[in-house]
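See below for the structure under consideration.
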Amino acid sequence: MSSPHRSVGVMLPCDLPADDVLPFARRADELGFDSVWVVEDLGHRGGVAQAAVVLASTSRIRVGIGLLPAGSRNVAFAAMEIATLAQLFPGRLDVAVGHGMPAWMRGAGAWPASPLTLLEEYVTAVRQLVRGGRVRNDGRYVRLDGVRLEPSALPSPAPDVLAGVRGPKSLAVSGRVADGTVLAEPAAPAYVREAVGHIAPRRPHRVVAYNVASVDEDPRAALATARPALEWVGEPDWRAQVAALPFGDELAGLRARCSSRAEFARRMPDAWVAELAVAGTREQARARLAALREAGVTDAVLIPAGKDPSAALASLATVL
């Protein structure tokens, strides 16, 4: 496992037009971002396929998959895919495993009766397999009878296997079995500190934080660009991220009073937007990143806000 470090990466939007995917990744590489993260949202592009083409089309940048739902793939074959990418592109791959969004996973017929049990068994097995272990496990979900990867298929170094989770119990599982934790947006410093307390890692542990981001010489323009990307924050699946904030109850109340996501985003005070995103001038954005590092973040991942994510890359790179 790599040592905890400090890096700034960028997310490749899941709805980016196909013709823009590789130019986006190459531009992120050229601009000096430490990593580019691809997502696997149901109905969009597959995470492993995206990671493969991005790795093959860039020369330096690390590529993270955030995240692979544990219920969607047999653990042995997932480990083979992960090991293959890590072997072909040494030291450039990170992989996060998570529960997946409950509604998506139920729709795909892959939501387990015990998501926590599945996650713990799955992450443990994947980590063992990509490190050359022969795994025998007769768990509730992961059943392996002496499975291992052949020496010719083992990567060196082995990739970090992280858990992309929210909620105290899931965070604690990540702290027990994973190399790091991915915190979905919005990951404000207060939420990061609370999450790190639940993670309570037993060994060096990375904390990857996603955040909507906009950088502009005019701080008001930056906030205006970031605002629409936060329209879903008050919904149930994201309440864990805002509960730790001083205005968490007010935010939930505002969302309950609004008839639409757009109305909610429009009525959020600027101060809330500033707390829920990395948005402002270059100096303000750098200060926000410093606050995230102080809270425990090792890898900050910026989600480009606005109508043209590719065009936003250059302004986001000014914080590097």
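The values are calculated or read from the model by the stated rules, or taken from the named source; none is laboratory data. Given the structure is predicted, the values throughout are model-derived calculations rather than measurements. FYI the Cβ positions are ideal-geometry reconstructions off the backbone, even for glycines, and counts take in every protein chain you see. For accessibility, only protein heavy atoms count, side chains too; no ligands or nucleic acids. Shrake-Rupley method; radii C 1.70, N 1.55, O 1.52, S 1.80 Å.
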**Among residues of segment 33-56, those that are open to solvent by less than 30 Å² (accessible area, probe 1.4 Å), free of Cβ contacts under 8 Å to residues at least 24 places away in the same chain and either assigned to a loop (DSSP other than H, G, I, E, B) or more than 15 Å from Val301 (Cβ to Cβ) (or both), counted** = 0
**Message:** For segment 156-248, give me every one of the helices (runs of 4 or more DSSP H) that falls completely inside it and has 1 or more residues that are modelled with pLDDT of 95 or more.
**Reply:** 168-177, 189-199, 219-226
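When residues of segment 292-317 are filtered for being surrounded by 15 or more Cβ atoms within 10 Å (Cβ to Cβ) and either aliphatic (A, V, I, L, M) or in a helix (DSSP H, G or I) (or both), how many remain?
16
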**Restricting segment 244-270 to residues that are of a type in the set (A, V, I, L, M) and touching a residue at least 24 places away in the same chain (Cβ under 8 Å), the residue that is farthest from His198 (Cα to Cα)** = Ala262
**Request:** Please find, among Ser72, Ser114, the residue that is open to solvent by 30 Å² or more (accessible area, probe 1.4 Å), among the small types (Gly, Ala, Ser) and over 16 Å from Asp179 (Cβ atoms).
**Result:** Ser72
**Asked** Can you name the residue in segment 140-158 that is more than 27 Å from the chain's Cα centre (by Cα) and within 21 Å of Thr117 (Cα to Cα) and is also most open to solvent (accessible area, probe 1.4 Å) among such residues?
**Response** Arg143
**Fill in**
Over segment 117-130, the set of residues open to solvent by 40 Å² or more (accessible area, probe 1.4 Å) and touching a residue at least 40 places away in the same chain (Cβ under 8 Å) is Glu120, Thr124, Arg127
